[in-house]
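I have placed the structure first, in the form of structure tokens, so that the comments after it can refer back to it.
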Amino acid sequence: MSTDIKKKVLDILQDDCRVSVDQIALMLGQNPDTIQTLIDELEQERIIVKYPAMINWDRFDDDLVTAMIDVKVLPQRNVGFDQVAERIYNFPEVRSVALMSGGYDLSVIIEGKSMKEVALFVAQKLAVLEHVQSTATHFVLKRYKHDGVILDKQEEDHRLVVSP
Amino acid sequence: MSTDTNSMSRHLNPVICSLPPSGIRRFFDLVATTKGVISLGVGEPDFVTPWHIREACFDALERGFTMYTSNLGLLELRQEIAKFLDNAYDVTYNPQDEILITVGASEAVDLVMRATLQPGDEVLIPEPCYVSYAPTVIMAGGVAVPVPTYVEDEFRLTVQALERAVTPRTKLVVLCYPNNPTGAIMNREQMAAIATFAQQHDLLVLSDEIYADLTYEGTHESFASLPGMLERTILLGGFSKSYAMTGWRIGYACGHKEIVAQMTKIHQYTMLCAPIMGQMAAVEALRNGQSEKERMVEEYDQRRRYVVARFNRMGLYCFEPRGAFYAFPQITSTGLSSEEFCARLLAEEKVAVVPGNAFGQSGEGFIRVSYAYSMTNLTAALDKIEIFVQRCATGSPSPKG
């Protein structure tokens with residue numbers, strides 16, 4: 001199977017993971033069995049990891065706070081940053097961890113019930129980790145766009161209903 | 001104030017008064033009065049103009065570009081168009097005097113008719129087709145001669161059909177491939193036959209290639225690229241479909257400099273020039289719009305396959321449209337006429353599609369379905385159409401009685 005078709009399947013699922021195998025097959029002019037096999041493979045390879053819904057929690061429950069934390073780390077011999085990252089991502093409060101280029105090393109996103117809870121987590125769990133040199137905490141005040149989707153704006157069709 | 005229509009009509013031009021209103025317009029009025037309609041009736045992209053193009057327009061405004069351009073349009077834009085046509089379709093035009101920027105390709109259609117036709121000259125118009133060719137011919141004093149195309153030929157124009165319609169008064173042949181409303185395309189070999197015909201009868205060809213970029217199998221071939229056709233052809237293109245820029249109204253006409261000069265004269269006296277902001281946005285589209293255009297084409301292509309497969313599955317034969325963003329399924333198996341089908345589908349399922357006969361008599365027995373809609377919209381509408389078609393097949397009454 002060409003990588004081209006794989007990429008198209010991934011694009012379709014990323015946009016809407018509820019699209020049926022049958023529909024994807026029609027859209028790409030492929031056999032449904034072929035598409036099913038391909039999706040199975042993508043899942044096994046953990047290229048497709050999960051099928052979550054994108055939720056704007058701000059509209060549902062305003063209590064949760066999110067913080068982005070810049071972490072400077074002293075890399076360890078042989079294992080580099082990976083081991084420090086692992087120590088961090090194992091905390092359930094941590095939503096995501098990424099290794100960065102530039103002014104700091106790890107970007108950590110944390111969710112908590114209050115600013116205080118997040119601040120305490122940083123002070124008590126994160127900053128005290130061996131090899132963590134410093135942290136800088138930034139709280140998210142409002143999300144406008146997430147993963148390519150503008151959150152508050154409903155897309156409207158301004159076109160005439162019928163035109164030549 | 002009351003208007004006495006009888007007394008008013010003596011002030012009006014009877015040629016214009018007798019032009020039939022577009023069949024689309026009639027259907028539009030019907031749809032507009034129905035609430036909660038899912039429409040598949042629109043002839044324009046569902047995408048908004050890509051942001052970088054809109055942004056180029058803001059920039060032009062901020063820098064004070066709010067004036068007229070030359071009648072021909074910005075030289076910068078004409079140069080970009082010349083480069084694009086040369087690279088994409090292997091047709092070479094001089095941006096100095098062989099390219100005219102118009103207010104949409106629609107204006108260009110009108111200019112071609114007025115610049116070339118003398119009273120009584122005949123124009124061969126393959127049908128079904130876009131609604132403005134015949135009226136512009138008539139307004140220019142010409143005679144519009146419909147040339148039917150058939151689903152058996154995948155709605156391609158054939159020389160046999162042209163031979164039946166040609167007379168010594170024939171001046172011009174209109175081509176519109178990829179086609180609105182059928183989605184048909186023509187390959188090089190099929191067009192070569194038309195080219196020979198044009199040569200034999202010494203005809204001009206208006207090739208409306210507004211949907212050229214929306215070609216899904218193979219690549220579009222411009223009629224002007226056929227041997228000997230560059231001089232005979234007036235090639236029309238634009239930005240509306242390729243770059244989702246319908247409201248900007250920027251199109252262009254390319255052809256022999258003597259034809260373009262006469263078209264420019266009419267354009268100069270009636271339009272002066274196309275809006276400068278739109279022209280500057282079009283420059284941006286050609287320079288940096290390739291990847292966004294490809295993304296939109298890929299989405300149309302996926303929807304196209306889906307829509308065609310769904311119609312065929314529900315028992316409405318739909319030949320494979322290879323261009324534009326329309327499917328043209330045949331509805332004769334339902335026993336309904338195009339207009340009955342569309343009116344009942346609207347009343348019973350609140351889905352709007354356009355009757356095929358709005359695009360000429362040979363469109364009777366078909367409906368035009370635009371797939372310039374999100375997959376969610378398409379799926380919902382097609383589900384409803386399927387229910388409607390099943391109801392027609394079993395002869396059961398509409399749910400509302």
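Where a number appears in this text, it was derived from the coordinates with a stated rule and is not lab data. What you are looking at is a predicted structure, and each value in this text was computed from that prediction instead of being measured. Glycine gets a Cβ as well: all are built from the backbone with ideal geometry, and neighbour counts include every protein chain shown.
Here the protein assembly as shown is described by how far its Cα atoms reach on the three principal axes: 93, 63, 61 Å, from widest to narrowest.
In the protein assembly as shown, the calculated helix contribution to ellipticity at 222 nm averages -12000 deg cm²/dmol per residue, counting -39,500 (n - 2.57) for every DSSP H run with n ≥ 4. Computed over region B:134-193, relative contact order equals 25 percent, with contacts defined as Cα pairs under 8 Å that lie 6+ residues apart.
You can think of it this way: the chain between B:Thr34 and B:Ser18 has 2.9 nm of extra reach, that is 0.36 nm per residue less the Cα-Cα gap. Loop-located GluC sites (Glu not before Pro) in region A:113-164 (DSSP state other than H, G, I, E, B) with a sparse environment of at most 12 neighbouring Cβ atoms within 10 Å: A:Glu130, A:Glu155, A:Glu156.
Each of A:Leu10 and A:Glu45 was given a label point 7 Å from its Cα along the Cα-to-Cβ line. The distance between the two points is 0.8 nm. Structural descriptor for chain B: relative contact order 23 percent, calculated from alpha carbon pairs under 8 angstrom and at least 6 residues apart. Compactness check for region B:66-288: Cα Rg over 2.2 N^0.38 Å is 0.95. Highest mean first, the peptides B:184-195, B:367-378, B:31-42 sorted by other C-beta atoms within 10 Å per residue fall in the order B:367-378, B:184-195, B:31-42. With R₀ set to 41 Å, the beta-carbon distance separating A:Met54 from B:Thr394 gives a calculated FRET efficiency near 0.50.
Close amide H partners of B:Leu206, meaning residues 5 or more places away or on another chain with modelled amide H under 5 Å apart, are B:Val173, B:Val174, B:Leu175, B:Ile234. Magnitude of the charge dipole for region A:58-142, about its Cα centre and with charges confined to Cβ atoms of Lys, Arg (+1) and Asp, Glu (-1), is about 180 debye.
Placing +1 on the Cβ of every Lys and Arg and -1 on the Cβ of every Asp and Glu, with no other charges, gives region A:3-44 a dipole of roughly 100 debye about its Cα centre. Considering only B:Pro50, B:Pro119, B:Pro321, the mean-square fluctuation computed in a Gaussian network model of chain B, springs between alpha carbons under 10 angstrom, is largest for B:Pro119. The mean count of C-beta atoms from other chains within 10 Å of the C-beta of residues in A:25-31, rounded to a whole number, is 5. Relative to one another, the C-alpha centroids of region B:263-283 and region B:331-371 are positioned 37 Å apart. The magnitude of the dipole of the protein assembly as shown, with charges of +1 and -1 set on the Cβ of Lys/Arg and Asp/Glu and taken from the Cα centre, is near 860 debye.
Using alpha carbons only, how many angstrom separate the centre of region B:132-199 from the centre of region B:56-78? About 36 Å separates the Cα centre of region B:132-199 from the one of region B:56-78. When the protein assembly as shown is described by a simple charge dipole with +1 on each Lys and Arg Cβ and -1 on each Asp and Glu Cβ, the residue from B:Ala184, B:Leu85, B:Pro126 located farthest towards its positive end is B:Pro126.
Using C-alpha pairs below 8 Å separated by at least 6 residues, the relative contact order for region B:120-263 is 18 percent. For region A:69-164, chymotrypsin sites (Phe, Trp or Tyr not before Pro) are listed when DSSP marks them as loop and at most 13 other Cβ atoms sit within 10 Å of their Cβ; the list is A:Tyr144.
Mean projection of the Cα convex hull over all viewing directions, computed for region B:265-401: 11.7 nm². Projected over every direction and averaged, the convex hull enclosing the alpha-carbon atoms of region B:176-306 yields 9.3 nm². Look at the dipole of chain B built from charges on Cβ: of B:Pro95, B:Leu226, B:Asn377, the Cα furthest out on the positive end belongs to B:Asn377. The angle between the Cα long axis of helix B:338-349 and the main principal axis of chain B comes to about 60°, on a 0 to 90 degree scale.
Seen against the Cα atoms of chain B and their longest principal axis, helix B:23-32 is set at about 60 degrees.
The mean number of Cβ atoms from other chains found within 10 Å of a Cβ in peptide A:155-161 is 6, as a whole number. Counting, for every residue in B:362-375, the Cβ atoms of other protein chains within 10 Å of its Cβ and taking the mean gives 1. Taking label positions 7 Å along the Cα-Cβ direction at both B:Leu75 and A:Met115, the computed distance is 6.0 nm, reported to one decimal.
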